[in-house]
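The values are calculated or read from the model by the stated rules, or taken from the named source; none is laboratory data. On a predicted model such as this, the values are computed, not experimentally measured, just so you know. Positions of Cβ are backbone-derived with ideal geometry, glycine not excepted, and every protein chain shown enters the neighbour counts.
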Amino acid sequence: MTLQKVTALTIACCCFVGGFSNIAGAQTIAGSFSELSGRLKPGKPVSVTDDAGRTIKGKLTDLSATSLTVRFDGKEETLPASRVREIRERRHMTGSFAKVGLAAGVVLGVLAGATAEGCFDCSGPAATAAVGAVMVGGLGAGIGAAIGAATPRDRVVYRVGPHPPVALSLTPPRSGQGTAIASTRRSSSAR
């Protein structure tokens, strides 16, 4: 196998792995608690924003179709689904970073192996590039996994549907000079 073929195969593999990581990360946001039941497990760190705009950060202890319970600061609070506006799940990025590290390591390994002919008792530049890709790719995956484990990220898993539309109107101010903007939120029953 020539160096050009090894390089092309390596780039194709990196694109393939990178495409799967993007697909896996593109999950839909649940619109009801019943949609969350299989995705969000008790014990997970979460941030819950209620209808008053208050955010509670803690661990999910219970989730049903009508409510959730979060433990924070040594106490538990149960919120009905009607009061919850958004739920974010804290996730560590171990797998994603490992894939990026693997891809970077494979590319660097191929380049290093291709320029260091005769190393590792290989029969030619293609074999040396392959050995370099495996060795440095594995090292890159390990480093990426370690960085990903130390890099948590919040991901929205639940959000209430769109809020009622805001109606804007231009009205004369009470002083009689200039123009004022007034906004009102329509109730869902007024639609």
Of all the residues that make up the stretch 62-95, how many are surrounded by 15 or more Cβ atoms within 10 Å (Cβ to Cβ) and of a type in the set (Ser, Thr, Tyr)?
3
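Can you name every residue in the stretch 126-166 that is of a type in the set (A, V, I, L, M), within 30 Å of Ser34 (Cβ to Cβ), loosely packed, with under 15 Cβ neighbours inside 10 Å and modelled with pLDDT of 70 or more? Break it down stepwise before answering.
The initial filter retains those residues of the stretch 126-166 that are of a type in the set (A, V, I, L, M), namely 126-127, 129-131, 133-136, 139, 141, 143, 145-147, 149-150, 156-157, 160, 166.
Narrowing further to those that are within 30 Å of Ser34 (Cβ to Cβ): 156-157, 160, 166.
Cutting the leftovers down to loosely packed, with under 15 Cβ neighbours inside 10 Å gives us 156, 166.
Val156, the sole residue that qualifies.
Inspect all residues belonging to the stretch 80-95 and state whether any of them is of a type in the set (Asp, Glu), touching a Leu at 6+ places or on another chain (Cβ under 9 Å), closer than 30 Å to Ile147 by Cβ and modelled with pLDDT of 85 or more.
Step one: list which residues in the stretch 80-95 are of a type in the set (Asp, Glu), which gives 86, 89.
Checking the rest, the ones that are also touching a Leu at 6+ places or on another chain (Cβ under 9 Å) come to 89.
With the extra rule that they be closer than 30 Å to Ile147 by Cβ, the set shrinks to 89.
Filter again for modelled with pLDDT of 85 or more, leaving 89.
Checking the stretch 80-95: at least one residue is of a type in the set (Asp, Glu), touching a Leu at 6+ places or on another chain (Cβ under 9 Å), closer than 30 Å to Ile147 by Cβ and modelled with pLDDT of 85 or more.
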Quick check: anything in the stretch 114-125 farther than 30 Å from His92 by Cα and modelled with pLDDT of 75 or more?
no
Consider Val6 against the criteria (1) crowded, with 16+ Cβ neighbours inside 10 Å; (2) more than 17 Å from Arg159 (Cβ to Cβ); (3) modelled with pLDDT of 90 or more; (4) not charged (D, E, K, R): it satisfies all of them except one. Which criterion is unmet?
(3)
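Counting residues that are in contact (Cβ under 8 Å) with a residue 24 or more places away in the chain, which strands (runs of 3 or more DSSP E) fully inside the stretch 49-88 reach at least 2?
Result: 67-72.
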Give the stretch 99-116 a look and list any residue that's in contact with a Leu (Cβ under 7 Å, 6 or more places away or on another chain) and closer than 12 Å to Ala127 by Cα, or say none.
Ala114
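Mind counting the residues in the stretch 25-48 that are in a loop (DSSP other than H, G, I, E, B) and closer than 26 Å to Gly95 by Cα?
As a first pass, look at the stretch 25-48 and keep what is in a loop (DSSP other than H, G, I, E, B): 26-29, 31-32, 37-44.
Next cut, closer than 26 Å to Gly95 by Cα only: 26-29, 37-44.
Within the stretch 25-48, residues that are in a loop (DSSP other than H, G, I, E, B) and closer than 26 Å to Gly95 by Cα number 12.
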